[in-house]
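Trainee: Please see the structure below; I have some questions.
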Amino acid sequence: METLNLLLQGFALALTPANLIAVFIGAFIGTVIGVLPGLGPTATIALLLPITIGMEMVTALIVMAGIYYGAMYGGSITSILVNIPGEAASVVTCIDGYKMARKGRAGPALGMSAIGSFIGGTVSVVAVMLISPFLAETALKFGAPEMFALLFFAFVCIGGLTGKSRVQGLLMACFGLLLGTVGTDEIQGVDRFIFGTLYLQDGVGLIPLAMGLFGLGEVLYNIEKRQSVGEVLSTPKGLMPTLKDWKDSAWPIIRGSFLGFGIGIIPGGMPAIASLMSYAVEKKVSKHPEEFGEGTIEGVAGPETANNAATAGGFVPLLTLGIPTNSVLALILASMMMHGVTPGPLMLIKWADVFWGVIASMYIGNIVCLILNLPLIGLFVRMLKVPYSILSPLIIMFILLGSYAVAGNVSDLVATLVFGLIGYLMKRFDIESAPLILAFVLGPMLENNLSKALLMSRTGDPLFFFSRPISATLISLAFVVLAFPLLQWAWRALVRPGVAAIKPR
Amino acid sequence: MFKRSGLPVVVACFALFCGFPANAQEFPSKPIEIIVGFAPGGGTDMAARSIADVASKYLGQPVVVTNKPGATGIIGAQYVYNAKPDGYTLLVAGGSETVAVPHYKKLAFDPINDFDPLMRIMVERVGFYVLADSPWKSMNDLIAEGKKNPGKLTSGISGIGGLHHATVQVTEKKTGMAVTLIPYKGGAETLAALAGGHVNFAIASPNEAYALVQAGRVRCLALSALERSPTEPNAPTLKELGYDVYIDNQKGLVLPKGVPPAIKQKLADAFKKAYDDPQFKATAEKLKLEISYLNSEDFHKALKAMYEQIGESVKPDAPKAP
Amino acid sequence: MKVERCLGIIAVVVATPVALAAWRFGVGTPRSPGAGFWPLTIACVMLVLGSILVLRPNPDERPEGDSDSRWAKFGISLASLVFYIALLEALGYLLTTGLMLLVQLRLVENRSWRSSILIAALASVISLVVFKVLLKVSLPLGLIPLPPGW
């Protein structure tokens, strides 16, 4: 009851004209920068910081939060229509979203990702509201052993993420893992595979890799093989998903909401990881995993829900512990400090009005985003809807601009070009890129947390992972998933022939 | 990879064709760029942004902050090292990239002598933090434990080969304790690991730890500063405790070597005025930045001293900076 | 050349030096795995997978239809990207982008000179204004400075 009262007060604050305008502006800017590849929420919020200082505290927070979740909505549009991730968290949406668009199902893909984002965002805000302080404590329990167990579980799930050829898929995952080891090792400080360059010390960038592999590779392929004129951007006709789409997406959206929220509250859990994990989970639990990568709606609905749920989830550790889990939240923290507000356990006591005002604004903001991304989607699609002979050069321009703008470094452009060539070759020879990019993102985290956990164990005994409840549960689950096909096989190989042998008698 | 210097002929031709002579009277005739070698949102970035806004008032040109993150600040430093010394490109330096990284990595430049310090703006203290209910009540308790059971204590640090890494190593050398380092990505993750009880103690800056300290979750055992900090008034310095450790994360502006003295003077005056401006002071206050001015010469001396002190502990046989 | 077998050879060729380099990084101990432990593991798996691809009989390979390849356009397009990267910081965003777009529109996409020049000029100016001026993204200006007051 008290929560409801506080929330109503929050709505009273969020519905003042100034704050209402702030919600609209935040959601709109967020969607736009989400659509534009390369320009993400971090850069945008950094640029807007000086402006937010002049605003009321609540208003500033509302705008920044709006940009953050708005970007998650907008990112999927570019991924689905152009096969370039508009935002890092939408990388995985390229895989199935773009395939759907090519099959003329861009509408349902866009519609479902907006709806999924809305549900994920809203569920997550409800969770933030109801159980913030409690959950923040649980999230802190995630140390290196737990993170390792979680990632190990994710990897086991991804294991089935290969299409036609299992060996080939695993090999691509290995290439991804190998790319992930480039740069200064985070535990020992040893430079690995940097070929004497400063640039590679931080490893291969996700943006050049994703832009090259998905975006530039696709464009180069179309230049060489011009067979898909007009196909790249079929105008979405009717955004409403079919009844079957709804049925297929229901569980991915529900799972994505909770998975995304869970990842979002863990230190180091970014929306990009939430969407990758969701994709892996959906593929694993799906009854028809072979359709993933061929344009299945579950591969869009789950990840797009999860990344939005993760954005809201990230506000839990930020507001209740003062711990930003990624760079966007670090900027929001800086802005709050500038206004003299210190997020932390005291936030709910000392600045309760700010907290509830922001929460209320997130409900409104998700509705605004839904409106921007469903009825008004044409506005953003028009940004991408021009004849292919004009669009292709413009896409190249945006890829180059986006890759450069992230860090103002020409080396990123070189990397994008190199990965573009690789992406082109993979596309031409029909090799899947999904295992590569997933392994690339998750691999370094797996290695890092394994090393840290072993350092903490003091003995290096692998049984250490079973001495802690969360990691023990997750690792056991992973082994169950691993063992499942084995049991299935054993059943088929040993029991069934026996049964079959008995039956004829 | 491709660099400006890879195209000297083209650049030279165009510079001749339409270059503007660097003239101290007309300086500045275009926007001035401050390079920050770290991502937006950190202390370095906030310091640069808050002084840039004010400084443009005194310079009559926009002062733009550009983030060139990467390799613990080295990518940004390298960029400024290669920039034309015309006073239009400045770097925020004095922390990891200047005094710590060169002891762990071979660099293409000398971070102490290849730059011309303009002024110090602020210092970020480096503190030793433990959980509020930790069995170690004081820094001496912690040091005693680290000596009794070498390698048993785990220490969360942000990044390998940076200033916090160096702080632990210098402290180990000067106190005789031995700990196991667990590197995290950035201050926030380090503090989250401490708050979750995954490490025994963590190295962090007081402004990063502020929220958790206020909430009574963690406490500061000691700082590696010269004097006590207003943000952590109860934490003694290691010097007070009798250990010869002094490390501050200094943040100041430096120029690439070779900027004409008249232009340097103009910049120094303008940024000093900005530093004294109440608007800057107010922003710094809100962000809990500990502003601390040093002029060009003193800043250079302070950097050199810290560089050498870290070198002695990290690489005892390394040649000293001339 | 069969794709699978080719991929296998690439994997083996990449993995071998990686394994050697990883060994030099140090494999470490169970308590503290060295920087080489993880890459070495990956390289070993790659060697196994690569060998499988090379050695196993390759079944249904698709026939390769190279008839409709447009290698000239592909080459021009690639060259324009290389020039873009090489000249961006020297010439500035506006000129480099304009030139790259012109090449793409005229030579690769076969649009008329008039529309190519128009689109290239418009797109590069508009993107500069939006990103550099409005959104303050750091883009090199190069030879053409912004008009004063911007």
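The values are calculated or read from the model by the stated rules, or taken from the named source; none is laboratory data. In this text the structure is predicted, and so the values were computed from the model without any measurement. Note: ideal-geometry Cβ built from the backbone for every residue, glycine included; neighbour counts use all protein chains shown. Side chains included, ligands, DNA and RNA excluded: accessible areas come from the protein's heavy atoms. Shrake-Rupley method; radii C 1.70, N 1.55, O 1.52, S 1.80 Å.
Trainee: Count, please, the residues in segment C:121-135 that happen to be facing chain A (nearest Cβ under 8 Å) and either β-branched (Val, Ile, Thr) or open to solvent by less than 20 Å² (accessible area, probe 1.4 Å) (or both).
Mentor: 4
Trainee: Among the residues of segment A:144-195, which ones are at positive phi, at pLDDT 85 or above and assigned to a loop (DSSP other than H, G, I, E, B)?
Mentor: A:Phe193, A:Phe195
Trainee: Let me confirm something: among A:Ala360, A:Ala330, which residue is in contact (Cβ under 8 Å) with a residue 40 or more places away in the chain and either small (Gly, Ala, Ser) or not assigned by TED's automatic domain parsing to the domain that holds A:Ser132 (or both)?
Mentor: None of the other options fit; the residue is A:Ala360.
Trainee: Those residues that are within 17 Å of C:Ser124 (Cβ to Cβ), among the small types (Gly, Ala, Ser) and open to solvent by less than 10 Å² (accessible area, probe 1.4 Å), I need them from segment A:388-412; list them, please.
Mentor: Those that are within 17 Å of C:Ser124 (Cβ to Cβ), among the small types (Gly, Ala, Ser) and open to solvent by less than 10 Å² (accessible area, probe 1.4 Å): A:Ser392, A:Gly402, A:Ser403.
Trainee: Another question, if that's okay. Counting only residues that are under 14 Å from A:Ile263 (Cβ atoms) and among the hydroxyl-bearing types (Ser, Thr, Tyr), which one in segment A:275-321 is nearest to the chain's Cα centre (by Cα)?
Mentor: The extreme case among them is A:Ser275.
Trainee: Please work out which residue is most open to solvent (accessible area, probe 1.4 Å), limiting yourself to segment B:64-80 and to residues that are farther than 22 Å from B:His165 by Cα and modelled with pLDDT under 90.
Mentor: Among them, the one singled out is B:Val64.
Trainee: Take segment A:85-128 and flag every residue that is under 21 Å from A:Ser327 (Cα atoms) and open to solvent by 20 Å² or more (accessible area, probe 1.4 Å).
Mentor: A:Glu87, A:Ala88
Trainee: Count, please, the residues in segment B:144-163 that happen to be touching a residue at least 40 places away in the same chain (Cβ under 8 Å) and open to solvent by less than 20 Å² (accessible area, probe 1.4 Å).
Mentor: Counting residues in segment B:144-163 that are touching a residue at least 40 places away in the same chain (Cβ under 8 Å) and open to solvent by less than 20 Å² (accessible area, probe 1.4 Å) gives 8.
Trainee: Of the residues B:Pro8, B:Pro40, B:Pro21, only one is within 11 Å of chain A (Cβ to nearest Cβ), modelled with pLDDT under 85 and either open to solvent by 70 Å² or more (accessible area, probe 1.4 Å) or within 18 Å of the chain's Cα centre (by Cα) (or both); which?
Mentor: That would be B:Pro40, the only listed residue that is within 11 Å of chain A (Cβ to nearest Cβ), modelled with pLDDT under 85 and either open to solvent by 70 Å² or more (accessible area, probe 1.4 Å) or within 18 Å of the chain's Cα centre (by Cα) (or both).
Trainee: Next question, about the same structure. Given the structure, is A:Ala27 farther than 28 Å from A:Leu206 by Cβ and surrounded by 24 or more Cβ atoms within 10 Å (Cβ to Cβ)?
Mentor: The answer is no for A:Ala27.
Trainee: Any idea which of C:Ala22, C:Ala15, C:Ala11, C:Ala35 is among the small types (Gly, Ala, Ser), facing another protein chain (nearest Cβ under 10 Å) and touching an Asp or Glu at 6+ places or on another chain (Cβ under 9 Å)?
Mentor: Checking each option against the conditions leaves just C:Ala35.
Trainee: Quick one: count up the residues across segment B:188-206 that are part of a loop (DSSP other than H, G, I, E, B), more than 7 Å from chain A (Cβ to nearest Cβ) and in contact with a helix residue (DSSP H, G or I) (Cβ under 6 Å, 6 or more places away or on another chain).
Mentor: Going through segment B:188-206 one residue at a time, the tally reaches 1.
Trainee: Six or more apart or on different chains, Cβ atoms under 6 Å: show the pairs whose first residue is in segment B:181-202 and in the same structural domain as B:Gly161 (by TED's automatic domain parsing) and closer than 21 Å to A:Asp185 by Cα and whose second is open to solvent by 20 Å² or more (accessible area, probe 1.4 Å) and part of a helix (DSSP H, G or I).
Mentor: Going by the 6 Å Cβ cut-off, the qualifying pairs are B:Gly187/B:Glu208.
Trainee: Mind checking which pairs have a first residue in segment A:186-208 that is open to solvent by less than 20 Å² (accessible area, probe 1.4 Å) and a second that is of a type in the set (Asp, Glu) and in a loop (DSSP other than H, G, I, E, B), Cβ under 6 Å, 6 or more apart or different chains?
Mentor: Partner pairs satisfying both residue conditions: A:Arg192/A:Asp185.
Trainee: Out of all the residues in segment B:45-63, which are open to solvent by 30 Å² or more (accessible area, probe 1.4 Å) and touching a strand residue (DSSP E or B) at 6+ places or on another chain (Cβ under 8 Å)?
Mentor: Those that are open to solvent by 30 Å² or more (accessible area, probe 1.4 Å) and touching a strand residue (DSSP E or B) at 6+ places or on another chain (Cβ under 8 Å): B:Arg49, B:Asp53, B:Ser56, B:Gln61, B:Pro62.
Trainee: Please go through (1) assigned by TED's automatic domain parsing to the domain that holds A:Ser275; (2) surrounded by fewer than 22 Cβ atoms within 10 Å (Cβ to Cβ); (3) of a type in the set (Gly, Ala, Ser); (4) in a helix (DSSP H, G or I) for A:Gly460 and return the number of the only condition it doesn't satisfy.
Mentor: Condition (4) is where A:Gly460 drops out.
Trainee: Kindly check whether there is at least one residue in segment B:123-139 that is farther than 30 Å from A:Met445 by Cα and within 12 Å of another protein chain (Cβ to nearest Cβ).
Mentor: No, there is no match, as no residue in segment B:123-139 is farther than 30 Å from A:Met445 by Cα and within 12 Å of another protein chain (Cβ to nearest Cβ).
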